[in-house]
Amino acid sequence: MKIKLIILGLLLIFTISCEKDGEIIDITDECEFYDNILSTCFYGSSNSEYDEIVFRDNDSFEEFGDMVRIYPANLDCDTAMLPMIDFSKYSLLSKRTNGGGCSAIYQRKVLKDTKNRKIIYEIWVEYEGTCEMLLGSRNWAIIPKISDNYTVDFKLK
């Protein structure tokens, strides 16, 4: 009996000591990235609080859509629909970027930091050319569902 207790105790100590504190996992391959997912009916201006957005449910996504809907400037926009996203399986992130040039090259990565319970959305953008054009992107990312106890950090490089 004592040997069983000693073995059980050693197994418990071994399990606890080998437990990871958390890690950073690259989940980029599980994500879909878009410069834009909205139709031209949703190009209204939004204030700076919407430069970085995390949508975890359809209600907040619809609220945003109503805010940026262009109506009555375009009468057809009153019935325009946002793209369908299954918020039971996915979350939607967006980080607005703007810069000048003739073209822009984007690289995007999403990391999951399990120790600090956060998602890190990294965006690298390189503006090329001497054109005097304003280039912008909302950098939409559809990612696996984020738990409510996770935060999102946006990093622009």
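Straightening the chain between residue 57 and residue 132 buys 23.2 nm, computed as 0.36 nm per residue apart minus the Cα-Cα spacing. Under the convention that each Lys and Arg Cβ holds +1 and each Asp and Glu Cβ holds -1, the size of the dipole of the stretch 21-156 around its Cα centre is about 200 debye. For residue 31, the amide hydrogen comes within under 5 Å of no other amide hydrogen, counting only partners 5 or more places away or on other chains and with H modelled in the peptide plane. Here the residues 87, 33, ranked from fewest to most Cβ neighbours within 10 Å of their Cβ, fall in the order 87, 33.
All other residues with a Cβ under 9 Å from the Cβ of residue 137 taken together, and with Lys, Arg as +1 and Asp, Glu as -1, what is their net charge? Overall, the nearby charge balance is +2.
In this calculation the C-beta distance from residue 29 to residue 68 is compared with R0 = 30 Å, giving a FRET efficiency of 0.50. Relative to its residue count, the stretch 21-156 spans a Cα convex hull of 117 Å³ per residue.
Extending 7 Å from Cα along the Cβ direction at residue 155 and again at residue 84 yields two label points whose distance is 3.6 nm.
Where a number appears in this text, it was derived from the coordinates with a stated rule and is not lab data. What you see is a predicted model, and the numbers here were worked out from it, not measured in a lab. Heads up, the Cβs are rebuilt from the backbone with ideal geometry, glycines too, and the neighbour counts pull from every protein chain shown.
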